[in-house]
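First up is the structure itself, then whatever we jot down about it.
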Amino acid sequence: MAVLPLLACGCDRDHSRKLERVRQAADSWNATLDETAGQWSRGRVPTTYVRQVTDAARRALESQAEALRDVPADDPRARELRQRLDALRARAAEVSRAADEGGRGL
């Protein structure tokens, strides 16, 4: 019986590590998308680069969302990260759309 609490602690620790890795990835992609959009709006990077970055962001953010699938849905930290990943995917799509349409006002 003493094994069950240890297993529960191990799972929670694994989930905490996973949540931290996903949070760090989200922070990084947020900064990358902001910097890319800013550089593009000032004409410092080509549209092709913006498309490459936003495509990579969407793939990576989807991968991070998949990594959260085994974290309990009722975990408030995971719920917040899922919402953040959704917002970042929407931001990547917005930046990509703006680049495709040629408008530099992001």
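The values are calculated or read from the model by the stated rules, or taken from the named source; none is laboratory data. It should be emphasised that the depicted structure is a prediction, and the values quoted were computed from it without experimental measurement. Neighbour counts are summed over all protein chains in view; Cβ atoms, including those assigned to glycine, are modelled from backbone coordinates with ideal geometry.
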If the requirement is being touching a residue at least 24 places away in the same chain (Cβ under 8 Å) and either closer than 20 Å to Ser16 by Cα or of a type in the set (A, V, I, L, M, F, W, C) (or both), which of these qualifies: Ala87, Ala56, Ala73, Ala78? Ala78
Select from region 34-75 the residues that are exposed (fewer than 14 other Cβ atoms within 10 Å of the Cβ) and among the acidic types (Asp, Glu) and list them in ascending order. Asp34, Glu35, Asp55, Glu62, Glu66, Asp70, Asp74
Gln64 - would you say it is in a helix (DSSP H, G or I), touching a residue at least 12 places away in the same chain (Cβ under 8 Å) and not basic (Lys, Arg)? yes
Being of a type in the set (A, V, I, L, M), more than 9 Å from Thr54 (Cβ to Cβ) and at pLDDT 95 or above is the filter here; which residues of region 86-102 pass it? Ala87, Leu88, Ala90
